[in-house]
1. Which residues, taken from the range 220-251, are more than 11 Å from the chain's Cα centre (by Cα) and of a type in the set (D, E, K, R)?
2. Conditions first: (1) open to solvent by 60 Å² or more (accessible area, probe 1.4 Å); (2) closer than 25 Å to residue 324 by Cα; (3) modelled with pLDDT of 95 or more; (4) in a loop (DSSP other than H, G, I, E, B). Residue 28 passes all but one, so which condition is the exception?
3. Given the options 188, 195, 184, name the one that is touching a residue at least 60 places away in the same chain (Cβ under 8 Å) and open to solvent by less than 10 Å² (accessible area, probe 1.4 Å).
4. Which residue is nearest to residue 116 (Cα to Cα), if the candidates are limited to the range 208-250 and must be out of contact with any helix residue (DSSP H, G or I) (no Cβ under 9 Å at 6 or more places or on another chain) and more than 14 Å from the ligand (Cβ to nearest atom)?
5. Of the residues that sit in the range 135-161 and are small (Gly, Ala, Ser) and surrounded by fewer than 21 Cβ atoms within 10 Å (Cβ to Cβ), which one is farthest from residue 238 (Cα to Cα)?
6. How about the range 206-261: which of its residues are among the acidic types (Asp, Glu) and part of a helix (DSSP H, G or I)?
7. I'm trying to understand the selection: among the residues of the range 75-117, which are away from the ligand (no atom under 13 Å from the Cβ), among the acidic types (Asp, Glu) and under 17 Å from residue 242 (Cβ atoms)?
8. May I ask you to say which residue of 5, 10 is away from the ligand (no atom under 15 Å from the Cβ), at pLDDT below 95 and in contact with a Pro (Cβ under 9 Å, 6 or more places away or on another chain)?
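The values are calculated or read from the model by the stated rules, or taken from the named source; none is laboratory data. Computed from a prediction, not measured in an experiment: that's the story for all the values here. Backbone-built Cβ (ideal geometry, glycine too); neighbour counts: all protein chains shown. Note: areas computed on protein heavy atoms with side chains; ligands, DNA, RNA excluded. Shrake-Rupley method; radii C 1.70, N 1.55, O 1.52, S 1.80 Å.
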Amino acid sequence: MTSCPIRFDPLSPEQLADPYPLYARLRREAPVFYAEAHGLWVVSRYEDVLAVVRDTETFSSQNAVRASVRPLPQPVLDVLATGWPMSPTLTDSDGQVHRRLRLLVTKAFTPKRVAELEGRIRENVDALIDEFADDGRADIIERFAWNLPMFTLTDMLGIPRADIPTLHRWSVSWLRILQATDSVEELVICARDVVTMQRYFMDEFQGRLGEDLMSSLLAARVAGGEPISHEEAMRVMINLIIAGHVTVTRSIGNGLTTLLAHSDQLQAVLNDPDLVPAMVEEVLRFESPAQGLFRTVRKGTVLNGVEIPAGAHLMVHWASANRDEQVFGESDVFDVTRDSMATHVAFGKGVHACLGAPLARLQLKIALPRLFERLPNLRMAAGADTAVRDTIFFARGFKRLEIEWDVHEPSAG
Ligand code: HEM
């Protein structure tokens with residue numbers, strides 16, 4: 001009996017709806033798989049994912065957030081040429097360039113700064129819920145999940161809240177340039193947004209001497225090293241804004257749908273708030289918002305017995321690794337008592353592991369339980385097209401997610 005060929009196609013309706021059977025098949029039959037249609041090697045087993053991210057000599061982070069390395073169309077490049085290069089930033093740099101940037105950013109993005117945000121995050125969560133609590137129905141992505149991480153980031157970076165809608169639009173354009181699946185005309189519009197976003201941050205740096213993270217980054221010094229230049233800081237800011245909001249947004253939507261689909265687990269968390277931290281880790285493991293990111297193979301190598309040529313573009317598949325049955329018992333079971341914080345790879349591993357993980361965890365630990373507390377009998381809304389998935393190649397989440405809840409009298413907050 002011959003089985004049908006493996007088709008890795010993250011944007012197909014079936015794989016958007018439920019990619020996990022395909023990942024299981026990849027791990028079983030072709031753990032290092034060449035997806036010809038995408039010119040991409042997909043690494044799906046946990047041990048191999050770790051081997052790749054630990055071997056930075058062989059696997060470079062160049063193009064770490066580009067699903068495709070095909071050159072962008074000339075009109076798009078022409079627009080981008082009116083701004084600054086999009087790289088290197090933290091995510092896509094290697095070696096000394098990365099070490100220096102990471103050290104400088106770590107000086108500004110401290111655990112103390114994150115801890116100090118807790119009160120503001122609680123206020124922001126409640127203020128956002130207040131705006132729709134009496135409506136009985138909302139698109140939670142539009143009304144809450146985009147806004148919360150953007151409130152957090154603008155508070156932290158010292159940027160006006162009024163700029164949030166524009167920053168959000170620019171971030172989406174940035175991702176569309178990285179994905180490069182839109183028409184040339186649309187990509188040209190996105191490229192204009194990218195350049196405008198770059199100019200926005202270059203302007204924001206003028207005369208910055210505050211207490212916010214942006215000012216601290218500009219002032220950060222490392223012994224024997226150059227301070228960060230405005231151009232480098234601009235790329236870091238954009239990196240933080242994009243990495244810090246599209247991921248948390250998706251985790252909120254993924255968390256809600258996963259908890260609603262597992263009412264016993266939801267009930268366990270509502271009965272025992274001590275389970276909240278483990279629930280957050282389990283949501284991240286079970287429905288990883290960053291499904292995978294990319295590496296470039298510097299020199300021909302062999303991974304799990306498969307030869308990979310120099311120059312190959314490779315996807316380290318966090319979401320598949322997080323379902324690897326060799327590492328996580330009953331890996332397809334959502335279990336809020338599972339202890340996987342140190343093991344799961346939803347935040348990556350190694351030198352590029354997520355710098356914002358503590359901030360992401362803090363927001364999710366506050367937001368997810370609070371939504372259930374404030375919106376009684378929270379449930380998925382009835383009707384067609386109430387849960388629409390986002391179509392970003394390497395991310396998993398919702399573009400629209402309609403929920404309903406009981407409204408008996410105006411909420412007092
Ligand atoms: C649930 C939310 C989040 C998820 C799932 C997530 C996931 C990841 C992953 C998988 C990486 C590793 C990239 C690689 O190895 O190529 C990463 C890196 C990074 N993340 Fe996050 N992230 C989240 C939230 C955040 C937040 C809130 C921030 C900041 C405000 C942030 C900033 C960064 C930065 C700057 C890097 C690059 C680190 C480096 O290359 O040294 N992330 N993230």
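1. Those that are more than 11 Å from the chain's Cα centre (by Cα) and of a type in the set (D, E, K, R): 221, 226, 231, 232, 235.
2. Exception for residue 28: condition (4).
3. 195
4. Restricting to residues being out of contact with any helix residue (DSSP H, G or I) (no Cβ under 9 Å at 6 or more places or on another chain) and more than 14 Å from the ligand (Cβ to nearest atom), the top hit is 211.
5. By that ranking, first place goes to 136.
6. 231, 232
7. Across the range 75-117, there are no qualifying residues.
8. When all the criteria are applied, what remains is 10.
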